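Here is the structure we will look at.
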Amino acid sequence: MFSLKNLIKTLGFVFVVTIAIYYAIDTIKFKNNIMSFEDYNPPSSLVVEGEVVKKAKFTFIDVHSHLWNMPVMDLDKLVSEMDEINMGFIVNLSGSGFGPQAAKDLYFDKSIKNIEENHPKRVGLFVNVDFNSVDIENHVENQVNIIRGAVAKGAIGLKVYKGLGLTNKDSKGNRVAVDDKRLGPIWEVCGELGIPVLIHSADPFQFWQDKDDQNERWFELKEKPGRYYGDSSFIPPFEEIINEQHTIFKRHPNTTFINAHLGWMGNDLDKLGKHLDEFPNVMTEFGAVIAELGRQPKTARDFFIKYQDRILFGKDSYNKEEFYTYFRVLESDDEYFNYFRKRHAFWKMYGLNLPDGVLKKIYHENALKLFPSIDKTLFE
């Protein structure tokens, strides 16, 4: 017969059994030396010279950042942090935010207003457009007009999110390819206006590979299962999307493209070099993929020296402390130090020890050529 007393006894029994089970599991794991990959993170016993680099050797421009609250952001605080790490200028790629066009227009206008009223010499804005429903009459024409209007207000570039090629659809539900010819006027107007297009296409190729012990991005796919595309009936293979991206580089030689994240070729810098040789209108940057460079210091150093005029500094998500690793990889000759996010790199970093002349180009000289409106006196 049910009673409060019996209920309390039952709950107490369940509690005791649960504690016993957890204790038994912990005991078994300890005795059998069982540990998850996430938990295994021993401090290195290696004794080598080197230290954290908290300030860039030369004033730099971050061409790849996302500041999602720009309309109301405290820019005094942001610029104060920038000064601490010797960042002269930051480019917010998320200039239009998200949502319906009216919301994006308002977001952009408020962002521009905040910048102009507070720190117009320190923050730049890219505009974003809509790649859905490209088959609707006047849609692409409207996007072209949005770009023209944004540039007139102060936008210094166009940012293309990875949705183009992955998730954007036309009105019939078909995937919009990166090289859809209907989008041509968008790339052409950027060339006409003299603004670069920073484009992120696809994702790391491992996101299409089997999720097994042979996949270098296994941990990331475990933490972020939505990033796996290998079982999608809508998203095509990695190579197809990348080929689409390269097609627009070829079709629009008068437009400058910044191929984000080393074009997902950071693991094969010889291939990336041939890519840059083939497309003289393409620059690249290393936002979120500095770990690829830090594990191959000799090859990466040679690559940076050879292609020093084609590489820009990019970080991606803004976090002041994470820049330290970027500086250390680029500037130092340190050995075997940590990256800051395990899902991106379970290996250690090594410094490239780049020459000062190369560092200056990567840090600001190349970007100043691309963005003539940036105040050059910030970098004297």
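Let's see how each residue does on (1) part of a helix (DSSP H, G or I); (2) in contact (Cβ under 8 Å) with a residue 60 or more places away in the chain; (3) aliphatic (A, V, I, L, M); (4) farther than 16 Å from Arg148 by Cα:
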position	(1), (2), (3), (4)
Phe98	no, no, no, yes
Lys110	yes, no, no, yes
Ile115	yes, no, yes, yes
Ser133	no, no, no, yes
| request: Go through (1) closer than 21 Å to Gly273 by Cα; (2) modelled with pLDDT under 95 and name the single condition Leu370 misses. | output: (2)
| request: Please give the number of the condition Pro120 fails out of (1) in a loop (DSSP other than H, G, I, E, B); (2) in contact with a helix residue (DSSP H, G or I) (Cβ under 9 Å, 6 or more places away or on another chain); (3) not β-branched (Val, Ile, Thr). | output: (2)
| note | Exactly one of Phe238, Phe207, Phe219, Phe234 is at pLDDT below 95 and either outside the structural domain of Asp180 (by TED's automatic domain parsing) or not hydroxyl-bearing (Ser, Thr, Tyr) (or both), and that one is Phe219
| task | Restrict the check to the range 31-50 and report whether at least one residue is modelled with pLDDT of 95 or more and not in a loop (DSSP other than H, G, I, E, B). | result | no
| message | Suppose we filter the range 303-338 for residues that are modelled with pLDDT of 95 or more and either among the charged types (D, E, K, R) or part of a loop (DSSP other than H, G, I, E, B) (or both); how many remain? | response | 21
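Can you tell me which residue within the range 264-311, out of those that are of a type outside the set (A, V, I, L, M) and in contact (Cβ under 8 Å) with a residue 60 or more places away in the chain, is farthest from Ser332 (Cα to Cα)? It would help to see each step written out before you state the result.
Narrowing the range 264-311 to residues of a type outside the set (A, V, I, L, M): 264, 266-268, 270-271, 273-275, 277-281, 284-287, 292, 294-299, 301-304, 306-310.
With in contact (Cβ under 8 Å) with a residue 60 or more places away in the chain added as a condition, the list becomes 264, 285, 287.
On the way: Trp264: 24, Glu285: 19, Gly287: 19 Å.
My answer is Trp264.
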| Exclusive hit being at negative phi and assigned by TED's automatic domain parsing to the domain that holds Ser94, set Asp356, Asp316 | Asp356
| request: Out of Arg175, Arg148, Arg182, report the one residue that is among the basic types (Lys, Arg), more than 25 Å from Lys342 (Cβ to Cβ), in the same structural domain as Asp109 (by TED's automatic domain parsing) and touching a residue at least 60 places away in the same chain (Cβ under 8 Å). | output: Arg175
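Given the criterion in the same structural domain as Ala102 (by TED's automatic domain parsing) and surrounded by fewer than 17 Cβ atoms within 10 Å (Cβ to Cβ), identify the matching residue among Lys113, Lys159. Before you say what the answer is, go through the steps one by one.
Working: Lys159 fails: surrounded by fewer than 17 Cβ atoms within 10 Å (Cβ to Cβ).
Only one candidate passes the filter, namely Lys113.
Could you grab me the full set of residues in the range 90-127 that are among the aromatic types (Phe, Trp, Tyr) and out of contact with any Lys or Arg (no Cβ under 6 Å at 6 or more places or on another chain)? Lay out the reasoning, then the answer.
From the range 90-127, those among the aromatic types (Phe, Trp, Tyr) are 98, 107-108, 126; that's our starting set.
Answer for the range 90-127, where residues must be among the aromatic types (Phe, Trp, Tyr) and out of contact with any Lys or Arg (no Cβ under 6 Å at 6 or more places or on another chain): Phe98, Tyr107, Phe108.
Residue under question is Glu240, and the condition is that it be among the acidic types (Asp, Glu), surrounded by 15 or more Cβ atoms within 10 Å (Cβ to Cβ) and not in a loop (DSSP other than H, G, I, E, B); does it hold?
Numbers: among the acidic types (Asp, Glu): yes; surrounded by 15 or more Cβ atoms within 10 Å (Cβ to Cβ): no; not in a loop (DSSP other than H, G, I, E, B): yes.
Judged against the criteria, Glu240 is not a match.
The values are calculated or read from the model by the stated rules, or taken from the named source; none is laboratory data. As the structure is a computational prediction, the values presented were derived from the model and not from experiment. Cβ sites come from the backbone with ideal geometry, for glycine too, and all protein chains shown count toward neighbours.
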